[in-house]
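Participant: Here it is, the structure in full.
The values are calculated or read from the model by the stated rules, or taken from the named source; none is laboratory data. For clarity, every value in this text was computed on a predicted model and none was experimentally measured. Cβ sites come from the backbone with ideal geometry, for glycine too, and all protein chains shown count toward neighbours. Accessible surface areas use protein heavy atoms only, side chains included; no ligands, DNA or RNA. Shrake-Rupley method; radii C 1.70, N 1.55, O 1.52, S 1.80 Å.
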Amino acid sequence: MSLFALLLLPFAYIILALLIKKASIKKRLAILFATANFLWALALIPLVQFKEMIVVQTGGWQAPYGITLVADKLSVFMLVMVAIIFLVTTIYATQAVDKERRKSGHYFFSFGILMGVNGSLIAGDVFNLYVWYEVMLMSSFILISLGGEKAQMEGSIKYLILNLISALFFVSGVGLLYGNLGSLNMADLSRIIANQPELLPQLNPALILMFVSFAIKGALVPFFFWLPASYHTPPPAVTALFAGLLTKVGIYSLIRFYTLFLYHDAPFWNQLILIMGSLSMIIGVFAASSQYDFRKILSFHIISQVGYAVIALGFYSVAGIAAAIFFLGHNMLSKTNAFLVAGWIKHHKGTLNLKTLGEVYKESTIWGVLFFISAFSLAGLPPLSGFVGKYLIIKAGIEANQLTVTLIALFVGLFTLFSMVKIWLEVFWKNKPRDKVVKAPLPPPKDHWMLTTSVVMAILIVAMGVWAQPIINFCEAAAFDLMNPDKYIEFVLGKS
Amino acid sequence: MELVIAIFIGLLFACGVYLILRRSIVKVILGIFVLSNATNLIIFLAGGIRSEQIPFIAEGEQTLDPALINDPVAQVLVLKAIVIGLGIAAYILALKYRYFQVTGTHDLDLLKNTDQR
């Protein structure tokens, strides 16, 4: 029951939004339901600490036959982070998204995304995971093209086609896996593979297909091209939501699959994951440094930072996986907040081109500080959350004897700092170029809610850095569970 | 029978990949449709193809020999995948229509304004 609510709350909002015509009521209901979802996700933390895992068998069908919903510590951590991001962007959207878009279903489809993301985080069944992916993708397709501007259309066609190919890869992988093993339940599949390791070579096509699908979804090199081509086209509130949720679900699924299936052939997958992660870090950060658009720089940074989480997974130790989980959480907060600041600048200055902006710090100190906090958290300066995340990853890398990759991670951190300083200098510091005048939207729109949400996010970033220990403990407990898949199998299938 | 269908799936994938590499957006979209049907057939084939018996337990019997029947679960999955594919087909065609209204072109090579340079 406790897990159904995570799917029913967004669904209830979607139904209500169809019935209600008035925009202001829709807006209030959206905030109400997002808050309820957040509180529900919070309530799962003590539950999962007390009972280790929450398992729900839908319709009372026993595990390998019915659809299973499972929430372990990793899922709950991600659910809480997703709920925070969703609540914040929902409130932010009340002022950042124009009335036309809000009327034509901005909240409606963002709740569709929430339902898909929540579903993928608690799916205990491979086909079910695919269906939730599809729910999430459909809503994001519509949200990214909502409004129908020219750049948006272009961006959404690229986003749509590459993500559809990822979904096709995934579903063919599911088909091959089912043909080979005759089961769809993740725990059951993991047990079959553990009992019959001789089956592993014939599963490789299916696992590779699924891995590629997650790599496309998580924007790893060389599958990232859809992300920087589309993320800067929709309204900033939508980009903030996407940046916080979508790629991270791909990485979550990779962690889940890795610890249930791929670890049987660890030497091969570790190499592959480390190489792809390192390339993502390097290529993402170099491409980001060369851009002159606020949101494009941040979009390329998503690729670079997803690489960090992935190399931490490739170390394959409790410390490494704990670092990956912590880093995902930190990255969701910091990245979303950086996009929230970008949204405010777009709202007030009418452009995000670094060459035409300037002097923002002088005009609005508070937004300068907010950007400073999230940017330097991304770059990894103490005492912000990014420092703790990178410290954990580098420590895990040294412990796992992966010095090359660890040095690459440190080296990339330097360039992250460089590109963040570039935004800082160009947007907030330098004198406004007098020859390039961009008309600001008049009159300046109200922004108190935008400011409040961004301040809350900044406080969370600082808090996650300063009071990191309880969160690290939770992540380590989650990683410990993930490294012992027998526990997961036993919880889902019962004692054998 | 399975071999024939497997070869057919391979052909469909080849056609789909050929289509999504074309310049016209309409052909790319058709390629997506072909690919999605090819993946549906993969799931269908994963359930096995046997025509001895329908997957019902006959009256008075307790069990059913799994070697005689198709796996019905795979066919349920195909149904689900077809429905999802239909929804996506409807949306992608609507998006294409709107795109054509806004930009007046079918050419993917003109779609480079949002790319990184």
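Participant: Residue by residue through region A:149-169, note down the ones that are more than 10 Å from chain B (Cβ to nearest Cβ) and without any contact (Cβ under 8 Å) to a residue 12 or more places away in the chain.
Facilitator: Within region A:149-169, no residue meets the criteria.
Participant: Right, next: Somewhere in region B:15-23, is a residue more than 28 Å from B:L93 (Cβ to Cβ) and away from chain A (no Cβ under 12 Å)?
Facilitator: First, the residues of region B:15-23 that are more than 28 Å from B:L93 (Cβ to Cβ): none.
Looking through region B:15-23, none of the residues is more than 28 Å from B:L93 (Cβ to Cβ) and away from chain A (no Cβ under 12 Å).
Participant: Further question on the same structure: From the list B:I43, B:I88, pick out the single residue that is farther than 20 Å from B:I5 by Cα and facing chain A (nearest Cβ under 9 Å).
Facilitator: Answer to the selection: B:I88.
Participant: Among the residues of region B:23-48, count how many are in contact (Cβ under 8 Å) with a residue 40 or more places away in the chain and either exposed (fewer than 13 other Cβ atoms within 10 Å of the Cβ) or more than 21 Å from A:V174 (Cα to Cα) (or both).
Facilitator: Looking only at that region, the number is 6.
Participant: From the list A:L146, A:L121, pick out the single residue that is of a type in the set (A, V, I, L, M, F, W, C), more than 10 Å from chain B (Cβ to nearest Cβ) and either in contact with a strand residue (DSSP E or B) (Cβ under 6 Å, 6 or more places away or on another chain) or open to solvent by 10 Å² or more (accessible area, probe 1.4 Å) (or both).
Facilitator: Selected residue: A:L146, the only one of A:L146, A:L121 that is of a type in the set (A, V, I, L, M, F, W, C), more than 10 Å from chain B (Cβ to nearest Cβ) and either in contact with a strand residue (DSSP E or B) (Cβ under 6 Å, 6 or more places away or on another chain) or open to solvent by 10 Å² or more (accessible area, probe 1.4 Å) (or both).
Participant: I'm trying to understand the selection: among the residues of region A:5-31, which are under 28 Å from A:V70 (Cβ atoms) and out of contact with any helix residue (DSSP H, G or I) (no Cβ under 8 Å at 6 or more places or on another chain)?
Facilitator: Once the filter is applied, which keeps residues that are under 28 Å from A:V70 (Cβ atoms) and out of contact with any helix residue (DSSP H, G or I) (no Cβ under 8 Å at 6 or more places or on another chain), region A:5-31 yields A:L8, A:I15.
Participant: Within region A:170-184, can you find the residues that are more than 8 Å from every other protein chain (Cβ to nearest Cβ) and touching a Phe, Trp or Tyr at 6+ places or on another chain (Cβ under 8 Å)?
Facilitator: A:F170
Participant: When you scan region A:249-267, do you find a residue that is touching an Asp or Glu at 6+ places or on another chain (Cβ under 6 Å), of a type outside the set (S, T, N, Q) and open to solvent by 10 Å² or more (accessible area, probe 1.4 Å), even just one?
Facilitator: Pass one, region A:249-267, residues touching an Asp or Glu at 6+ places or on another chain (Cβ under 6 Å): none.
Within region A:249-267, none of the residues are touching an Asp or Glu at 6+ places or on another chain (Cβ under 6 Å), of a type outside the set (S, T, N, Q) and open to solvent by 10 Å² or more (accessible area, probe 1.4 Å).
Participant: Tell me yes or no: at least one residue of region A:185-205 is of a type outside the set (V, I, T), within 14 Å of the chain's Cα centre (by Cα), in a helix (DSSP H, G or I) and within 14 Å of chain B (Cβ to nearest Cβ).
Facilitator: No, region A:185-205 contains no residue that is of a type outside the set (V, I, T), within 14 Å of the chain's Cα centre (by Cα), in a helix (DSSP H, G or I) and within 14 Å of chain B (Cβ to nearest Cβ).
Participant: Within 30 Å of A:K158 (Cβ to Cβ) and in contact (Cβ under 8 Å) with a residue 40 or more places away in the chain - does that describe any residue in region B:59-78?
Facilitator: Within region B:59-78, none of the residues are within 30 Å of A:K158 (Cβ to Cβ) and in contact (Cβ under 8 Å) with a residue 40 or more places away in the chain.
Participant: Among A:I282, A:I303, A:I275, which is more than 24 Å from A:I489 (Cβ to Cβ) and within 14 Å of chain B (Cβ to nearest Cβ)?
Facilitator: When all the criteria are applied, what remains is A:I303.
Participant: Still on this structure: Answer yes or no: is there a residue in region A:274-289 that is open to solvent by 20 Å² or more (accessible area, probe 1.4 Å), free of Cβ contacts under 8 Å to residues at least 12 places away in the same chain, out of contact with any Cys (no Cβ under 9 Å at 6 or more places or on another chain) and in a helix (DSSP H, G or I).
Facilitator: Yes, region A:274-289 has at least one match.
Participant: Does region B:28-55 hold any residues that are farther than 17 Å from A:G179 by Cα and part of a helix (DSSP H, G or I), and which are they?
Facilitator: B:V28, B:I29, B:L30, B:G31, B:I32, B:F33, B:V34, B:L35, B:S36, B:N37
Participant: Of the conditions (1) open to solvent by less than 50 Å² (accessible area, probe 1.4 Å); (2) on the phi > 0 side of the Ramachandran plot; (3) not β-branched (V, I, T), A:E52 clears all except one; give me its number.
Facilitator: (1)
Participant: If you go through region B:49-68 one residue at a time, do you hit one that is more than 30 Å from B:K96 (Cα to Cα), out of contact with any Phe, Trp or Tyr (no Cβ under 9 Å at 6 or more places or on another chain), open to solvent by 70 Å² or more (accessible area, probe 1.4 Å) and within 12 Å of chain A (Cβ to nearest Cβ)?
Facilitator: Within region B:49-68 (the criterion being more than 30 Å from B:K96 (Cα to Cα), out of contact with any Phe, Trp or Tyr (no Cβ under 9 Å at 6 or more places or on another chain), open to solvent by 70 Å² or more (accessible area, probe 1.4 Å) and within 12 Å of chain A (Cβ to nearest Cβ)), the answer is yes, since at least one residue qualifies.
Participant: Can I ask one more? What is the residue count in region A:118-148 for residues that are of a type outside the set (F, W, Y), free of Cβ contacts under 8 Å to residues at least 24 places away in the same chain and within 18 Å of A:F86 (Cα to Cα)?
Facilitator: 1
Participant: Moving on. Among the listed residues B:V83, B:V73, identify the single one that is open to solvent by 60 Å² or more (accessible area, probe 1.4 Å) and either touching an Asp or Glu at 6+ places or on another chain (Cβ under 9 Å) or at the interface with chain A (Cβ under 9 Å from one of its Cβ atoms) (or both).
Facilitator: B:V73 is the lone residue from the list that is open to solvent by 60 Å² or more (accessible area, probe 1.4 Å) and either touching an Asp or Glu at 6+ places or on another chain (Cβ under 9 Å) or at the interface with chain A (Cβ under 9 Å from one of its Cβ atoms) (or both).
Participant: Could you list all residues from region A:400-413 that are among the aliphatic types (A, V, I, L, M), in a helix (DSSP H, G or I) and surrounded by 12 or more Cβ atoms within 10 Å (Cβ to Cβ)?
Facilitator: Within region A:400-413, A:V405, A:L407, A:I408, A:A409, A:L410, A:V412 meet the criteria.
Participant: Taking region A:76-117 as the region of interest, how many residues are in contact (Cβ under 8 Å) with a residue 60 or more places away in the chain, polar (S, T, N, Q) and surrounded by fewer than 24 Cβ atoms within 10 Å (Cβ to Cβ)?
Facilitator: 2
Participant: Here is a list: B:V17, B:V34. Which entry is hydrophobic (A, V, I, L, M, F, W, C) and touching a Cys at 6+ places or on another chain (Cβ under 8 Å)?
Facilitator: Values: B:V17 fails: touching a Cys at 6+ places or on another chain (Cβ under 8 Å).
After ruling out the rest, the residue left standing is B:V34.
Participant: Out of curiosity, is B:F100 within 12 Å of another protein chain (Cβ to nearest Cβ) and either under 16 Å from the mean Cα position of the chain (by Cα) or among the charged types (D, E, K, R) (or both)? First the steps, then the outcome.
Facilitator: Numbers: within 12 Å of another protein chain (Cβ to nearest Cβ): yes; either under 16 Å from the mean Cα position of the chain (by Cα) or among the charged types (D, E, K, R) (or both): no.
No.
Participant: Any chance region A:212-235 includes a residue that's closer than 30 Å to A:I489 by Cα, facing another protein chain (nearest Cβ under 10 Å), in contact with a Phe, Trp or Tyr (Cβ under 9 Å, 6 or more places away or on another chain) and open to solvent by 10 Å² or more (accessible area, probe 1.4 Å)?
Facilitator: Looking for residues that are closer than 30 Å to A:I489 by Cα, facing another protein chain (nearest Cβ under 10 Å), in contact with a Phe, Trp or Tyr (Cβ under 9 Å, 6 or more places away or on another chain) and open to solvent by 10 Å² or more (accessible area, probe 1.4 Å), one finds none in region A:212-235, hence no.
Participant: Condition (residue is of a type in the set (D, E) and either more than 20 Å from A:L340 (Cβ to Cβ) or within 14 Å of chain B (Cβ to nearest Cβ) (or both)) applied to region A:45-53: is it met by at least one residue?
Facilitator: Yes, region A:45-53 contains a residue that is of a type in the set (D, E) and either more than 20 Å from A:L340 (Cβ to Cβ) or within 14 Å of chain B (Cβ to nearest Cβ) (or both).
Participant: Do we find that A:I394 is part of a helix (DSSP H, G or I), under 24 Å from the mean Cα position of the chain (by Cα) and closer than 18 Å to A:K296 by Cβ in this structure? Break it down stepwise before answering.
Facilitator: Working: part of a helix (DSSP H, G or I): yes; under 24 Å from the mean Cα position of the chain (by Cα): yes; closer than 18 Å to A:K296 by Cβ: no.
Against the criterion (part of a helix (DSSP H, G or I), under 24 Å from the mean Cα position of the chain (by Cα) and closer than 18 Å to A:K296 by Cβ), A:I394 does not qualify.
Participant: Hey, does region A:28-37 have a residue that's open to solvent by 10 Å² or more (accessible area, probe 1.4 Å), modelled with pLDDT under 95 and outside any helix (DSSP H, G or I)?
Facilitator: No: zero hits.
Participant: Out of all the residues in region B:96-106, is one or more of a type in the set (D, E, K, R), more than 18 Å from A:L176 (Cα to Cα), surrounded by fewer than 17 Cβ atoms within 10 Å (Cβ to Cβ) and touching a Gly at 6+ places or on another chain (Cβ under 9 Å)?
Facilitator: Yes: one or more hits.
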